[in-house]
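Shown below is the structure under consideration.
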Amino acid sequence: MTSEPTDLPEAAERRMTSGAFTSGLSVADFAACLEMGLEPVGFAQGFCAMQWSPLGSSMSNAMSPYRSTTGGGYSEMFNCPHGFVSNDHRQWGQNYEQTWYESAWHTGFDAALQRMVEEATEAGAHGVVGVVDSQQVMGDGYLLEFHLSGTAVKIPGAPALQQAPFTTYLAGQRLAKVVEAGYAPVGVVATLSSVRMWPFCITEYQLHGSGLSMFATGVSTSEIDQVVRAKSYSRQIARDAAKHALHGDSLHGARVTTSERELGQGEIDYHTVIRGNRIRRFQDFKALPVPQPTVRLS
Amino acid sequence: MSALTPPNSEVDLAGAMRAALAAYSQGPGSGKGTTSDLSMDEELNLHAIGWEPVEFVTGLSVYSTPPMTWSWGQGEISAASYSHEQAFQLAMARLHRQAASVGAHGVVGVEVERSIHASHTEISLMGTAVRPVGAAAIDADHVFTSDLSARDFTLLMLAGWEPLGLAAGASFVFAPRRSMGAVMSQQTQNVELTNFTEAMYSARETAMERMQSAALAMKGTGVVEVKVFEGPMYFASHAVGFTAWGTVVRLREEQHRHVSPTMVVSLDDVDIAFSADTLG
């Protein structure tokens, strides 16, 4: 167990080290954990409320939808082929990665995760199983609350860990299958990407049928390139971040959720979140017999 | 007792858990990580027939539909059908390229998300790229795509068949206007609106034919797990749409292999089976 100082509330330290354990496991999962030699020691939780700036990393962003690329993320310009038409005509468009939002999200998630792990560490756990995470928008929409919870477990008689306990979204039978298949649970992985699209005239016309009027005759039916690139990059960034977090291990049971939010003046935020379990092979794969089909009579 | 083996097998699950903890303590190895959205059951099914997951892959396309496309007219709304076809093909091509770039031979468990708007059609495909264990990379043109689960893919292969790709067909049709006289005379009656019924039949025939043509182009002998979606368009109530897609299959061996399933009577009470509300 690590001896590093934690920022746990004193009451939490007392509660986690008291005699009776608490657990978020169902009775079935509890039984399966006992079968694996895992003993629940406490219901660990972590919270973090994060605020992010709607203006991004610079006050100059308040003056223009254009974002500089100094944040180092993905950014791409789209130029109007028509020249100056009117003040309303969108002569340029841009897709850009909202690195400051991604940073706030990851900081909030990681802080809540670390706090949950600290509680488990305090209780002498080797791992946290059945992790559940949730996020809620608070207040004016620029506040996000992260909440992670799971059941801290230990293996009686096993040596104390020199690092933080492992974490996994799995519990019960599903965790047993992973372990029996020769994989060790390592940690929960969650990544988010956020790409904002400021459409230029062609995209605006293709999406909404507005913004081009007399120039519309020159626009053919085609793929809406700016949207495709924004969405594709959003997925790629989230996937690359997840792979980066693996350090050579594997991601199992990945769940991808995508969402989009239309803001004013045709701007759209595209978000991609990937969650999954980081696992590490600890024994060679043993080939299974070919599955035998069955028909259940009921 | 263990989760994977029959009740009488001697498997030391607690010992395996201790070994897993030891591996965790030693830190990361030098392996080449894979990503997958498969459950462990699905991954074990794949391994049992000599396949393995490689990478989680996606492909998408957003294709425009010209303004005024959905205004009143007659017959098929060709521009909308064309947008759907193009979006599906472009999304599929991207999925194939991504799968080929990671050395996969196919993509299983593809989740098809589709949204049709007045101005554009969006198709999104996500799945896990797979290959025979240790097999060399192949060209993107030869990568198969399937919306069958890894379990169904395993069963299909065991029966001597193989998936070739996803075939899709779509058609959007205007429901002809009723004459003013017909509207007036039908207003107080329970009556079938044959213009809508006929439009739906027309869209159905065209879409199914397109899907079957796509299957034939892949040299397939059939399409399994066909999904159909039909109904009026939310933004144009005088138009109906019909879309269908499924996995094209072909006999891989000389003849179909009978899998001869064993009949079982489960003594389990489903209500007390192990369950986890977290990711599986």
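Which count do you get for residues in region A:254-298 that are part of a loop (DSSP other than H, G, I, E, B), closer than 30 Å to residue B:26 by Cβ and touching a residue at least 60 places away in the same chain (Cβ under 8 Å)?
5
Still on this structure: Considering only region B:201-280, give the strands (runs of 3 or more DSSP E) lying wholly within it that have at least 1 residues that are among the β-branched types (Val, Ile, Thr) and modelled with pLDDT of 95 or more.
B:222-233, B:236-251
Further question: Could you check how many residues of region A:15-56 are under 30 Å from residue A:99 (Cα atoms), modelled with pLDDT under 80 and of a type in the set (A, V, I, L, M)?
1
On to the next question. On the basis of being under 23 Å from residue A:39 (Cα atoms) and in contact with a His (Cβ under 7 Å, 6 or more places away or on another chain), does residue A:153 make the cut?
Criteria met by residue A:153.
Within the set of pairs 6+ apart or on separate chains, which have a first residue in region A:221-245 that is under 30 Å from residue B:29 (Cβ atoms), a second that is surrounded by 17 or more Cβ atoms within 10 Å (Cβ to Cβ) and of a type in the set (Asp, Glu), and C-beta atoms under 7 Å apart?
The qualifying pairs are A:237/A:97.
Does region A:261-293 hold any residues that are at the interface with another protein chain (Cβ under 10 Å from one of its Cβ atoms) and modelled with pLDDT of 85 or more, and which are they?
A:272, A:274, A:275, A:276, A:277, A:278, A:279, A:280, A:281, A:282, A:283
Ok, one more. Which of the following residues is within 11 Å of chain A (Cβ to nearest Cβ), over 30 Å from residue B:198 (Cα atoms) and either free of Cβ contacts under 8 Å to residues at least 24 places away in the same chain or assigned to a helix (DSSP H, G or I) (or both): B:91, B:100, B:87?
Unique residue meeting the criteria: B:91.
Condition (residue is within 30 Å of residue B:82 (Cβ to Cβ) and part of a helix (DSSP H, G or I)) applied to region B:117-138: is it met by at least one residue?
For region B:117-138, residues within 30 Å of residue B:82 (Cβ to Cβ) and part of a helix (DSSP H, G or I): absent.
Sticking with this structure for a sec: Out of the residues in region B:60-80 meeting the condition of being crowded, with 24+ Cβ neighbours inside 10 Å and closer than 16 Å to residue B:206 by Cβ, tell me which one is farthest from the other protein chains (Cβ to nearest Cβ).
The extreme case among them is B:77.
Further question on the same structure: Let me spell it out: the conditions are (1) in contact with a Ser or Thr (Cβ under 6 Å, 6 or more places away or on another chain); (2) outside any helix (DSSP H, G or I), and residue B:191 meets all of them except one. Which number is the exception?
Only one criterion is unmet by residue B:191, namely (1).
Residue by residue, here is whether (1) at the interface with another protein chain (Cβ under 7 Å from one of its Cβ atoms); (2) crowded, with 21+ Cβ neighbours inside 10 Å; (3) not hydrophobic (A, V, I, L, M, F, W, C) holds:
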position	(1), (2), (3)
A:148	no, yes, no
A:153	no, yes, no
A:156	no, no, yes
A:168	no, yes, yes
A:174	yes, yes, yes
A:189	no, yes, no
A:194	no, yes, yes
A:201	no, yes, no
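The values are calculated or read from the model by the stated rules, or taken from the named source; none is laboratory data. Just so you know, these numbers come straight off a predicted model, no measurement behind them. A quick note on method: Cβ atoms are made from the backbone with ideal geometry, for glycine too, and the neighbour counts reach across all protein chains shown.
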